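**Q** This is the structure I want to talk about, given as C-alpha cells.
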Protein chains: 2
Amino acid sequence: MLKQFFRTKILRLYGTPAARTQESETADLAAELLIAPTALMQLTREDARVVVRYMLPRKIDKGTTFIYEGDKRHTDFMMLLLDGEVTVETIVVSRVQPITVTVLGRGSLIGELALLDGEPRHASCTATSHLRCAILKRQALEQLVTDSPAVAAKLMLAVSSRIAARLRENADKLKLYVQLTQAMEQEIGERNAA
Amino acid sequence: MLKQFFRTKILRLYGTPAARTQESETADLAAELLIAPTALMQLTREDARVVVRYMLPRKIDKGTTFIYEGDKRHTDFMMLLLDGEVTVETIVVSRVQPITVTVLGRGSLIGELALLDGEPRHASCTATSHLRCAILKRQALEQLVTDSPAVAAKLMLAVSSRIAARLRENADKLKLYVQLTQAMEQEIGERNAA
C-alpha cells in the first residue's frame, strides 16, 4: 500500500538506462553517507554497500510533504537523504502555523523512529528542494538482519548512535526551556508583586 | 579503570556460592526484561539469554550516585535495571539544586546513550533504593556483534526502539514548553501593554 502511495502520489522510481548509471552513483553516495564515525564498531565501506543493496533509490519533488505528522499507516520506512533539503515541522496546539523543528541536509536519516517502533510519525517532512534519497523499508531491514546479521548489527549501532545524538540535542533544548520558563515565571511574579 | 572504579567505589561483584545461585535468577530476570515488544524482529528468550552472558551482574547501594552528568571517562557501559529505583537528575544553570528528569524502575535501560556515542554522560543517576542490575560494556557488546551478530542486531533493534520512544517523549515535552512559553510571553506582553 505504501509502495502504491509512493509510486502514485509522491515518488518516482528511477527507470531508464541513464538513470541506472546514476543509480550506481547513488549507491556509492548512499554507502559513503552511511559510514559515519561512532564510538562503536563502524560500518566498513563494504558493509555500507551491502546495506545499500537493501535500499531503494527515490526522487521527491520540491514542495512535496512526504511524511505527515500523526500518520499511523506509513510508518515502515526510513530514508537516507542523499541530496537536497528537508524541513521538519510539527503542529503546536496553540498555533495555526506549524513550527519548524529542524532543517535536514545530505546524510540525514529521516523517519527512523517510526521504522523502529511503529508509532505514528511525530513530525511532518517537506522537501524544500528536489531530493534524492535511499529508502530502507522495515521488511528490507529484517531481511538484512537475516541475510547479513553482522552488517545489520553495525548498521543498527550507527542508527541508534544518531538517535542518541538527537536525544541529547533535545535534552539540551529542554534544559533551555526550563531556564526560560523559570526566568519568565520570575518576571511575572515580580510584576504581580509590584 | 572503570572496572576498578566500580569495584572499589560503587559496585560489589557477586562472589559467594549463594550469590552465584542468585546470579542465575538474575540472568533469568535480565533475559526476561530484555524481551520487550517492538515493531521489529524481537529477541527470542534464547537470544536474550545469549545477551545476558555478555552482561555482568552488579549491586548498587541505596544513595549511590553511579553516573555523573558531564563525566567523559566512564562512558563505556549501559545497564539494565533488574530491581530498584533510580532518579535521573540534571543541572540547570539557573538552579542550585538539580532537577529530576525522570525516575526509572525495573526493566529500564540506563546509560545507553553514552555507550553508543561515547559522549559525556548527559544526566546523573542515583540509586534511591538498593539496586540489582546487569551491565553491558562496550567491549562486550562489540564481542557480541562478532560472536552472535544476529542476536546483536536484534538487541540493537530493541535498544534503538527504546531510545526512539524516549526521543518521542522528549519531543512531546518540548512541545509543551513551547506552548507554555508562548502563553507566558503573552501574559508578559499584556502586562507591559496595560
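What follows draws every value from the coordinates through simple rules; no lab data is involved. What you see is a predicted model, and the numbers here were worked out from it, not measured in a lab. Cβ sites come from the backbone with ideal geometry, for glycine too, and all protein chains shown count toward neighbours.
**Q** Under 5 Å between amide hydrogens, which residues at least 5 positions from B:Arg53 or on another chain qualify, with H placed 1.01 Å from N in the peptide plane?
**A** none
**Q** Something else: Would you mind checking which residues have amide H under 5 Å from A:Val92's amide H? H placed 1.01 Å from N; only 5 or more apart, or other chain.
**A** Excluding prolines and chain starts, which carry no amide H, the hits are A:Ile99.
**Q** A follow-up question, please. Which value, in debye to the nearest 20, describes the size of the charge dipole of region A:139-181 about its Cα centre when Lys and Arg Cβ atoms bear +1, Asp and Glu Cβ atoms bear -1, and nothing else is charged?
**A** Values: 6 positive and 4 negative charges, 55 e Å.
The calculation lands at about 260 debye.
**Q** 7 Å along Cα→Cβ for the label point: how many nanometres lie between B:Val103 and each equivalent label in the other copies, listed shortest first?
**A** 4.3
**Q** Would you mind listing the distances between the B:Glu187 label point and the same position in each other copy? Use 7 Å along Cα-to-C-beta, nm, one decimal, shortest first.
**A** Ordered by increasing distance: 1.3 nm.
**Q** Roughly speaking, what is the centre-to-centre gap between region B:89-149 and region A:139-194 when only Cα atoms are used, to the nearest Å?
**A** What the calculation gives is 14 Å, centre to centre.
**Q** What shape does region B:60-194 take by its C-alpha gyration tensor, where a ≥ b ≥ c are the square roots of the eigenvalues and a/c under 1.5 counts as rounded, a/b above b/c as prolate, and the rest as oblate?
**A** Details: a/c = 2.62, a/b = 1.85, b/c = 1.42.
Prolate shape, in that a/c is at least 1.5 and a/b is the bigger ratio.
**Q** Here is a follow-up. Within region B:168-194, find all residues whose amide N lies under 12 Å from a label point positioned 7 Å from the Cα of A:Glu187 along Cα-to-beta-carbon.
**A** Within reach of a label on A:Glu187: B:181-193.
**Q** What list of ³J(HN,Hα) values in whole Hz, one per residue of region B:62-67 in order, does the Karplus curve 6.51 cos²θ - 1.76 cosθ + 1.60 (θ = phi - 60°) give from phi, with Gly and Pro shown as x?
**A** Using θ = phi - 60°, the values come out as 3, x, 7, 8, 10, 9 Hz.
**Q** Hey, quick one: spin label on B:Glu169, modelled 7 Å out along Cα-Cβ, who in region A:151-194 has an amide N within reach, i.e. under 14 Å?
**A** Backbone N within reach: A:167-168, A:171.
**Q** Another one. So, counting K/R as plus one and D/E as minus one, what does the shell of residues with Cβ under 9 Å around B:Met41 add up to? Spell out each step's value before the answer.
**A** Numbers: positive: B:Lys154; negative: A:Glu142.
Cβ neighbours under 9 Å give a net charge of 0.
**Q** Additional query: Considering only the label points, 7 Å along Cα→Cβ from Cα, what distances in nm to one decimal separate A:Ile35 from the same position in each other copy, shortest first?
**A** 3.9
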